[in-house]
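Chemist: Dumping the structure here so I can ask a few things about it.
FYI, it's all coordinate maths here, none of it is from the lab. Not measured: the values here are computed from a predicted model. Here the Cβ is made from the backbone with ideal geometry for all residues, glycine too, and neighbour counts use every protein chain on show.
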Amino acid sequence: MIIPAPAVCIRRPGEFALPSAVHLTADPGAEPAAELLALYLRRPRTTDGPQIRLAFSAEITGPESYQLEIAPERVDLVAGKLGGLLRGVQTLRQLLPAHALSDGAAADHTWRWPAVSITDGPLLGWRGVLLDVARHFMPLDFLYRFIDQAAFHKLNVVHLHLTDDQGWRIEIDGRPRLTEIGAWRVGSMHGHPDTGWIDDIPHGGFYTQEELRALDRFAAARGVTLIPEIDMPGHMRAAIAAYPELGNDPARPLTVWNRWGVSADILGVHDQALEFCRDVLEQTVGVFASPVIHIGGDECPTGRWSTSPAAAERVRELGLQRPEQLHGWFLEQMCGHLAKLGRRAICWDETGHSASEAPKGAIVAAWRDAEHGVAAVRRGRQVLMTPHLTTYLDYPQTNNAHEHRGHPGFVTTLEDVYRWDPLAGGLPAVEPGGEAPGVLGTQASLWTEHAPTTDHVLHQAYPRLCALAERAWSGSPAAYTDFTRRLAGHEQRLRALDAWRSTIWTDVHAH
Ligand code: ACM
C-alpha cells in the first residue's frame, strides 16, 4: 500500500485495466490535475472507453482532501479543491505497478489499478522539505526530480536555501557580481569544522531567474509551493565577497567561504546593506509565487557590529541599548518590506540574540529543540516544527562505519523521524494565512555541507523523508511497524524513480 498511508482505504474486488488511450474527464477547474495524471500515465487521451473522472464536490472540505473510487469499469477522483485532486493524482500514481514510474517505462497496456475506496486528507497543512543548494550547488534537472519526488509523497512545500556564506545561487538583476563572484568558491571543506580538511577543487553554480520561474511553475502544477530563503543578516559572506561595501569593513576583503560553521562576518546595518536586502527580496518575490518568503535570521554572531562605527551610529539613532538588538530590528525591517510586497516572512526561531523573537506576524521555524517551538506557540505564534534532532536529514541515520558520513555528532534514525510528534503536548494544528497560534506543519532539512552530490542527497533523503511525509499526512507513532512493512514495497517505487540510494536494509541486517 501507498506512502503516506491514506486515512481510510478499503480494497474492493477486481482491477481497472488502463487502456492504451485514457478517457480522462475533468470538471471546470480540474483540468490541471487531469493534465498531470495524463503525463504520469504516459498515454494519449481519448473521448471513449472507461472513464477516469476528476470532479469537484462541495461536500469534501479541506484544501487537500479527496475521495477516490477505483472500480473495474471506472475511476472517480473527487475533491473540494484542486489541491485535493492533485494529491489524489499522486495516489493513483503510487497505485500503478512500480515499473510504470521509471523514465524509460513503456506505456504498455498491462498497467492495472487495484479496485479501492479511499477517503483521505492531511493531518498537517504544511509538509515540507528544505534543500540547501548553497553549501553544494545542485543541478537544475535534479531540482525538478526532487520536487516531483516530494509531490509523490504528498509533501506540499520545497524550501530552497538559496544563499549562504559558501555560495549565492540566485541571479539578481543589476548586481552581477553576486553570481560572477558570490556563486563560486575555490575549495570545499570535508568533515567537521574543528577537524576537517579543505580541498582545492573549485565549486559553484547558480540559477537564472527564468530557470527558477519555470521551476516554480513546475512545482505549482504538482501542488508544491517553492519557498525561497535569502538568509540574513548572517550567512551572507558570499554576498559580502561580491560587494565588500555590504559588510562592516570594506577595507577587509572577504572570499566566498570554503569552510563550514558559523561565520563571524555578517551584513552591515547601514542603509546600503538594507537597500540591498530589500532589492533582493523584491526580485525574489518577482520569481516565486509563494505567499511566504524565508529570511533566515539564524546563527548571526553580532561581534562585527560591536566594533563598527556605522552600527554604533544605528544603535544611537534607534535608541537601542546594545548592538545585538540590531538583529531583531534588521529582520523587522525586512518583514515589513515583505508585508508591503504582499508576502509573509518566516524566520528561524533563534531570531533576536537580544532575547527578542521573530518579528510580529512572521512564522517561527523552530529548528533547535522542539521546546522552542512549543514555547513560541504558547506565546501566540504560528510555528513550523523542524527540530533538528528528528528532522535534520543531514545527520547520519546509523552509527555504522559504512554509513555515508553526514553531519557529525548526531544520529537521526528512520524511527526517530517517524515517531516524533509535531503536535506533542496537544498543540493545535493551524492553517497558514490565519493568525491563530499553533503548528502549521513540519519540515525536514537536507543541509548539504556533508552531501556534495545528488547521490548523497538522495541517500540522506530516502527513506527518512517517506517517514516524515507519512507522519505529517496521517501517521501515528504506533503505525511505525506497519510503515516499515510497506516501505519494502515502496522501495521498488523509489528505485523506479531513481531516488533510492539507501543502505538501510544492510544497516538493519548488520544489527
Ligand atoms: C540552522 O540549522 N541554522 C537553521
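Chemist: Around V292, which amide H atoms from residues at least 5 apart in sequence, or from another chain, sit under 5 Å from its own amide H, with H modelled in the peptide plane?
Modeler: R344
Chemist: In addition: Apply the a/c threshold of 1.5 to the C-alpha gyration tensor of the stretch 1-134 and tell me whether it is rounded, prolate or oblate. Kindly include the intermediate steps, with their values, before the conclusion.
Modeler: Details: a/c = 1.45, a/b = 1.20, b/c = 1.20.
In terms of gyration-tensor shape, rounded.
Chemist: Quick one: order I10, I240, I3 by neighbouring beta-carbon count within 10 Å, fewest to most.
Modeler: On the way: I10 10, I240 28, I3 24.
Exposure proxy ranking, most exposed first: I10, I3, I240.
Chemist: If I fit a long axis through the Cα atoms of helix 271-287 and take the longest principal axis of the Cα atoms of the chain, what angle between them do I get, 0 to 90°, rounded to 10?
Modeler: Approximately 10 degrees, to the nearest 10.
Chemist: With a Förster radius of 35 Å, plug the Cβ-Cβ distance of C9 and A107 into 1/(1 + (r/R0)^6) and report the FRET value to the nearest 0.05. Write down the numbers at each step before the final one.
Modeler: Numbers: r = 26 Å, r/R0 = 0.75.
Plugging the Cβ-Cβ distance into 1/(1 + (r/R0)^6) gives 0.85.
Chemist: Okay, next question. Between A429 and residues 5 or more places away or on another chain, which pairs have amide H atoms under 5 Å apart, with H built 1.01 Å from N, and which residues are they?
Modeler: V439
Chemist: Determine the gain in length on full extension of the stretch L318-A251; use 0.36 nm per residue of separation and subtract their C-alpha separation, reporting nm with one decimal.
Modeler: Values: separation 67, 0.36 × 67 = 24.12 nm, distance 2.62 nm.
Difference between extended and current length: 21.5 nm.
Chemist: For the stretch 339-431, rounded, prolate or oblate, judged on the Cα gyration tensor with a ≥ b ≥ c (square roots of eigenvalues), a/c < 1.5 rounded, else prolate if a/b > b/c?
Modeler: Numbers: a/c = 2.43, a/b = 1.87, b/c = 1.30.
It comes out prolate by the Cα gyration axes.
Chemist: Using the Karplus equation 6.51 cos²θ - 1.76 cosθ + 1.60 (θ = phi - 60°), what ³J(HN,Hα) coupling, rounded to whole Hz, does each residue of the stretch 419-430 give in order, writing x for Gly and Pro?
Modeler: 7, 5, 10, x, 10, 3, x, x, 5, x, 8, 10
Chemist: While we're here: Expressed as a whole number of Å, what is the distance separating the alpha-carbon centroids of the stretch 364-389 and the stretch 292-338?
Modeler: Computed from Cα coordinates, the inter-centre distance equals 22 Å.
Chemist: Looking at the chain, which longest stretch skips every one of the trypsin sites (Lys or Arg not before Pro) that is in a DSSP loop with at most 11 other Cβ atoms within 10 Å, leaving the sites themselves out?
Modeler: Working: sites that count: K360, R379.
Counting at most 11 other Cβ atoms within 10 Å as exposed, the longest clean stretch of the chain is 1-359.
Chemist: Let me ask you something else. Which distance in nm do the two modelled labels at R74 and H190 give, with both placed 7 Å along the Cα-to-Cβ direction?
Modeler: It is 6.2 nm.
Chemist: Say the dipole of the stretch 116-239 comes from +1 at the beta carbon of Lys and Arg and -1 at that of Asp and Glu; which of L124, M232, L215 then lies farthest toward its positive end?
Modeler: Comparing the listed Cα positions along the dipole, L124 ranks first.
Chemist: Also, I was wondering about something else. Quick one: T390, T179, T110, T503, fewest Cβ neighbours within 10 Å first, how do they rank? All intermediate terms of the calculation are to be shown ahead of the outcome.
Modeler: Working: T390 26, T179 22, T110 8, T503 15.
So the residues, fewest neighbours to most, are T110, T503, T179, T390.
Chemist: Place +1 on the Cβ of every Lys and Arg and -1 on the Cβ of every Asp and Glu in the chain, take the dipole about the Cα centre, and give the residue among H450, H23, W305 whose Cα lies farthest towards its positive end.
Modeler: H23
Chemist: Between the helical axis of 326-340 and the dominant principal axis of the chain, each derived from Cα atoms, what acute angle in degrees is found, rounded to the nearest 10?
Modeler: For 326-340 against the chain, the angle is about 50 degrees.
Chemist: How far apart, in nanometres, would the label points at Q333 and I198 be if each is projected 7 angstrom from Cα along the Cα-to-Cβ direction?
Modeler: Once both label points are built, they end up 3.0 nm from each other.
Chemist: Another question about this same structure. Based on DSSP H runs of at least 4 residues, each adding -39500 (n - 2.57), what is the mean residue ellipticity at 222 nm of the chain after dividing by all its residues, to the nearest 500 deg cm²/dmol? Provide the component values of the computation, followed by the final result.
Modeler: On the way: 17 runs with 167 residues, N = 511.
Roughly -9500 deg cm²/dmol at 222 nm, from the helical runs in the chain.
Chemist: Something else now. If amide H atoms are built 1.01 Å from N in the plane of the peptide, which residues on other chains or at least 5 residues away come under 5 Å of the amide H of W168?
Modeler: Hits under the 5 Å cutoff: A183, W184.
Chemist: Additional query: Can you give me the C-alpha center-to-center distance between the stretch 228-245 and the stretch 246-271, rounded to a whole angstrom?
Modeler: 7 Å
Chemist: Between N400 and E371, 0.36 nm times their residue separation minus their Cα-Cα distance comes to what?
Modeler: That works out to 7.5 nm of additional length.
Chemist: Then there's this: For helix 31-41, what angle does its Cα long axis make with the longest principal axis of the chain, in degrees from 0 to 90 and rounded to 10?
Modeler: The two axes meet at around 70 degrees.
Chemist: Per 0.36 nm of contour for each residue apart, how much would the distance between A310 and T484 grow if the chain were fully extended, relative to their Cα-Cα spacing?
Modeler: Working: separation 174, 0.36 × 174 = 62.64 nm, distance 5.65 nm.
Difference between extended and current length: 57.0 nm.
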